[in-house]
Ligand SMILES: C[S@@+](CC[C@H](N)C(=O)[O-])C[C@H]1O[C@@H](n2cnc3c(N)ncnc32)[C@H](O)[C@@H]1O
């Protein structure tokens with residue numbers, strides 16, 4: 001997908017995702033809540049102190065996830081290659097900070113944030129830019145902070161179906177958890193891990209605690225990949 005093709009989804013991003021997953025009977029909000037719960041777990045585990053936490057969300061789109069996670073951070077910055085999505089994100093979430101960037105060098109200093117995130121973005125980045133994408137996401141995070149990516153699990157049949165039904169995923173190149181871990185290690189990250197989630201169509205606490213235990217199984221619809229910069 002060329003870098004500004006998401007511009008045309010600025011007003012119907014959520015509806016487009018909902019249409020592609022409607023066969024599952026699940027709403028977009030369910031997936032957002034699932035991601036927020038994983039992010040919360042990761043923060044509690046890897047950034048446990050109570051001090052200020054800043055997030056850079058790379059490929060933030062229209063900022064649809066931010067209302068679900070904004071209590072976890074003192075400051076959220078979002079960047080995207082879609083200028084129209086950034087305009088919409090600013091309208092949706094005026095309390096956060098959004099910037100367009102050209103897709104190569106993140107407009108942030110080295111070691112300037114506690115966590116960088118990219119949710120369902122990597123599969124839209126041209127594969128020849130994947131190494132640069134990961135090294136930029138690593139560069140901006142302070143040593144001991146957290147680099148996190150959430151991606152579709154290509155092994156999961158429901159994920160494959162929703163990707164096939166989604167018009168903006170037409171040229172998506174899905175990356176499985178194992179090759180993702182390899183790339184994160186090559187990006188000089190320590191403690192590289194992946195955890196699968198969305199095994200079941202509910203976020204009830206009992207199911208969540210089961211999912212926490214089976215996150216190593218590469219069967220959930222999505223996975224979170226993390227690493228810690230040295
Ligand atoms: C499927 S949307 C996900 C949006 C958002 N992360 C979310 O979960 O709601 C993918 C986003 O990645 C952005 N994108 C594509 N290539 C990018 C790149 N190289 N750097 C940053 N964002 C990129 C697109 O413009 C789009 O907004």
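Going by the alpha-carbon gyration tensor, a ≥ b ≥ c the square roots of its eigenvalues, is the stretch 22-157 rounded (a/c under 1.5) or, if a/c is not under 1.5, prolate (a/b greater than b/c) versus oblate? The shape class here is rounded.
Using a 10 Å cut-off on Cβ atoms, rank the peptides 205-214, 5-14 from the highest mean neighbour count down.
Per-residue Cβ counts within 10 Å, averaged per peptide and sorted highest first, yield 5-14, 205-214.
Note on the stretch 3-229: antiparallel DSSP beta bridges, both residues inside, total approximately 40 percent of the bridges counted.
Per residue of the chain, the DSSP helices (runs of n ≥ 4 H) give a summed -39500 (n - 2.57) that works out to -10500 deg cm²/dmol at 222 nm. Using a Gaussian network model of the chain in which every pair of alpha carbons under 10 angstrom is joined by a spring, one finds that among 91, 39, 155 the greatest mean-square fluctuation is at 91.
The shape of the stretch 71-131 comes out oblate: with a ≥ b ≥ c from the C-alpha gyration tensor, a/c is at least 1.5 while a/b does not beat b/c.
Shape class of the chain from the Cα gyration tensor (axes a ≥ b ≥ c, square roots of the eigenvalues): rounded, since a/c falls below 1.5.
Computed from the coordinates by the stated procedures, all read-outs in this text should not be read as laboratory data. Predicted model only: the values in this text are computed from it and were never measured. Note that each Cβ is placed from the backbone with ideal geometry, even for glycine, and that neighbours are counted across all protein chains shown.
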